[in-house]
Amino acid sequence: MIGFGFVAKTFHVPLLEATDGYKITAVSSSHPADVKAILPDADVVSDPQALATHPDVDLVVIASPNETHTPLAEAAMRAGRNVVVDKPFTITVEEARHLAAVAKEKNVLLSVFQNRRWDSDFLTVQDAIRRDLTGRVVLFESRIDRYRPDVRDRWREVPGPGAGLLYDLGPHLIDQTLLLFGIPDSVQATLAKQRRGARTDDFFQLVLRYGEMVATLGAGSLVSGGSARFAVHGEKASVVKHKPDIQEDQLRAGMVPGSPDWGFDPDDALLYEGATGDTRGLKAARGDQRGYYVALREALLGRAPNPVPPEQGATVMAIIEAALRAAGDGRRVSPELREEERGAWSR
């Protein structure tokens, strides 16, 4: 594991430790006492490059600041290691394509950590769409809104490559939308710094067009009480999922993945019938972010495909780049994708 900040300690370590087949043997961190408090048997390596090329590991998980993802992933792959990169995969789509090429050259597995494919809210909405409960979808809304008024002194909120809310939460929302609907025709975007003293974007709104179907994705930092996590509107009905998945809260509270209440979502979705106005509940799916590492283990053992291949990660980065151009120019922008990136979503 390279990096031992919030993401590593909150997500990667507990998910890996609760999934059969993994053992965390070494961590790169400048705070060895933090590592030893959680992983007393792990070696602590101060130099991330040294850990990236460590001879006695099969998998390198990169959970370090965004701008380090590409050089560390390339170093690990050139040393013959399999690699997981936390989101955002890279800073640019060209970096993502370069890493995909290195993975092919070295014949190693490169995967992007998209744990929120296994969130209860997304699984509930995905099931409703697959069952055609709404009919033809005309409007899809996906938001992660929070009330975090204080600007913090951390790398995500300091201007630099990969900083800001679009790079932080955008990859999750974009990835989920691509899974549901495929690649959009065009992207429009608005980015803003809404908190006093904000130095990077703390609000974004993306509009993805699929012909006449519209998908709006967004996040804000000054939304007290939050907003509906998902709303799907179709010709026959609407499905609304108000509250988000609770696995992050459970992990923060120290719950061990796989515990009896792990991933249980008490907030059912609501279906609103268009013709009758009737309303009924849709039982929320149970989330389990261990699903990513279970699928990855099967891929590493040659029994299943890579759960999130680099071509899918590159597509997400291409849409983020299209959004940045769209926000700057005030127009719709079509994402520029290669054939293998488009094909990665039709598996």
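Here are a few things to note about the model shown:
- Only residues that are open to solvent by 30 Å² or more (accessible area, probe 1.4 Å) and in a loop (DSSP other than H, G, I, E, B) were counted across the range 213-223, and they come to 1.
- Apart from one condition, T200 fits all of (1) farther than 12 Å from I319 by Cβ; (2) open to solvent by less than 30 Å² (accessible area, probe 1.4 Å); (3) not in a loop (DSSP other than H, G, I, E, B); the exception is (3).
- Scanning the range 120-164 for residues that are in contact with a helix residue (DSSP H, G or I) (Cβ under 7 Å, 6 or more places away or on another chain) and of a type in the set (D, E, K, R) returns a single hit, R156.
- G226 part of a loop (DSSP other than H, G, I, E, B) and open to solvent by 40 Å² or more (accessible area, probe 1.4 Å): no
- When the range 134-163 is filtered for residues that are open to solvent by less than 30 Å² (accessible area, probe 1.4 Å), on the phi < 0 side of the Ramachandran plot and part of a loop (DSSP other than H, G, I, E, B), the ones remaining, listed by number, are T134, A163.
- Those residues of the range 211-251 which are more than 30 Å from W155 (Cβ to Cβ) and out of contact with any strand residue (DSSP E or B) (no Cβ under 9 Å at 6 or more places or on another chain), in sequence order: G211
- Of all residue pairs spaced 6 or more apart or on separate chains, those with beta-carbon atoms under 8 Å, a first member in the range 290-314 that is more than 12 Å from V112 (Cβ to Cβ) and a second member that is surrounded by fewer than 23 Cβ atoms within 10 Å (Cβ to Cβ) and among the aromatic types (F, W, Y) are Y293/Y22; R297/Y22.
- Number of positions in the range 235-282 that are free of Cβ contacts under 8 Å to residues at least 60 places away in the same chain, out of contact with any Lys or Arg (no Cβ under 7 Å at 6 or more places or on another chain) and part of a loop (DSSP other than H, G, I, E, B): 12
The values are calculated or read from the model by the stated rules, or taken from the named source; none is laboratory data. Computed from a predicted structure; not experimentally measured. Virtual Cβ from ideal backbone geometry, glycine too; neighbours counted across all protein chains shown. To get the accessible areas, we keep the full protein, side chains included, count just its heavy atoms, and leave off ligands, DNA and RNA. Shrake-Rupley method; radii C 1.70, N 1.55, O 1.52, S 1.80 Å.
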